[in-house]
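Down below is the structure, laid out as structure tokens.
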Amino acid sequence: MTFCFRPLRRDDLVALSGWLADPEVERWWRQPNGLEYLESKYGPRIDNSSATEVFVIEIDGEPAGIIQRYRTSDYADWAAAIAEAAPSLAGVTTAGIDYLLGRPEVRQRGIGTRAIAAFTSQLFLEMPDVEAVVVSVLQQNRASWRALERAGYERVWAGLLTSDDPSDAGPAYLLIRWRSP
Ligand SMILES: CC(C)(COP(=O)(O)OP(=O)(O)OC[C@H]1O[C@@H](n2cnc3c(N)ncnc32)[C@H](O)[C@@H]1OP(=O)(O)O)[C@@H](O)C(=O)NCCC(=O)NCCS
């Protein structure tokens, strides 16, 4: 099984809507669905006028999910939440990633782990100012934090984040992968 990343396109939004409606995705990736909403949220990202860059994960040539990246400093509320949870990261230039595999048959096969590892390495290459990638995960979402750990991230914090994002509601971990020397 091979996978690659390519930029999200407008004609992916129907598939994205289906992935977001998958019960295992809906459980953790909590956001409104529907094409009008998705166009308003992802249109600027597709047009490169957003601080977040979104990529489709293709497995054996078939779109199977998305993975996105952004500089933490571009989202003031999120930067504040991280600074409150992990004051030791003050002054560190960090990025964040989010990901989903939208079809049950592609999950639990090691793809998430491999995709996160490869995407993080690519991020460090393409965003040379970023010193570390920081990800928040709900503690109950074992698949996500284990995939991060297997991709070279370490857990650095556990607690409740100050965030109004529904995906952050509940006890969470922060995991971090530093740029390799
Ligand atoms: C999170 C996600 C990308 C992980 O990718 P994946 O390909 O399914 O995971 P992997 O096969 O690489 O497995 C990684 C680890 O998670 C475990 N795992 C996978 N699915 C699991 C599940 N449903 N419940 C508990 N553990 C699970 C695996 O056993 C492995 O752990 P191990 O090394 O201890 O055996 C994928 O499950 C997903 O898209 N989930 C829905 C959306 C989501 O949660 N996004 C993240 C929001 S923070």
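Quick notes
- Number of residues in segment 10-52 that are without any contact (Cβ under 8 Å) to a residue 40 or more places away in the chain and more than 11 Å from the ligand (Cβ to nearest atom): the value is 27.
- Any hit, segment 69-80, residues being assigned to a helix (DSSP H, G or I), more than 13 Å from the ligand (Cβ to nearest atom) and touching a strand residue (DSSP E or B) at 6+ places or on another chain (Cβ under 6 Å): yes
- Failed item, numbered, when ALA83 is tested on (1) near the ligand (Cβ under 9 Å from one of its atoms); (2) farther than 20 Å from TRP29 by Cβ: (1)
- Qualifying position, being surrounded by fewer than 17 Cβ atoms within 10 Å (Cβ to Cβ), farther than 20 Å from PRO23 by Cβ and of a type in the set (Ser, Thr, Tyr), among SER136, SER121: SER121
- Checked against the criterion of being surrounded by fewer than 16 Cβ atoms within 10 Å (Cβ to Cβ), within 27 Å of GLN140 (Cβ to Cβ) and not aliphatic (A, V, I, L, M), segment 46-61 has no qualifying residue.
- Assessment of segment 137-151 against the conditions (more than 23 Å from GLU62 (Cβ to Cβ), near the ligand (Cβ under 7 Å from one of its atoms), out of contact with any helix residue (DSSP H, G or I) (no Cβ under 6 Å at 6 or more places or on another chain) and free of Cβ contacts under 8 Å to residues at least 40 places away in the same chain) yields at least one matching residue.
- Number of residues in segment 96-121 that are within 10 Å of the ligand (Cβ to nearest atom) and in a helix (DSSP H, G or I): the value is 9.
- For segment 38-67, the set of residues classified as out of contact with any strand residue (DSSP E or B) (no Cβ under 9 Å at 6 or more places or on another chain) and under 30 Å from ARG109 (Cβ atoms) consists of LEU38, LYS41, GLU62, listed by residue number.
- Among the candidates ALA117, ALA143, ALA132, residue that is modelled with pLDDT of 95 or more, under 13 Å from the mean Cα position of the chain (by Cα) and small (Gly, Ala, Ser): ALA117
- Selection within segment 126-136 - assigned to a strand (DSSP E or B) and either away from the ligand (no atom under 15 Å from the Cβ) or not aliphatic (A, V, I, L, M) (or both): ALA132, SER136
- Residues being surrounded by fewer than 16 Cβ atoms within 10 Å (Cβ to Cβ), outside any loop (DSSP other than H, G, I, E, B) and modelled with pLDDT of 95 or more - total across segment 85-95: 0
- Of the residues in segment 156-175, none is in a loop (DSSP other than H, G, I, E, B), near the ligand (Cβ under 8 Å from one of its atoms) and either at negative phi or surrounded by 16 or more Cβ atoms within 10 Å (Cβ to Cβ) (or both).
The values are calculated or read from the model by the stated rules, or taken from the named source; none is laboratory data. Remember, predicted model here, so these are calculated numbers, not experimental data. In this analysis, Cβ positions are derived from the backbone assuming ideal geometry, glycine residues included, and neighbour counts consider all displayed protein chains.
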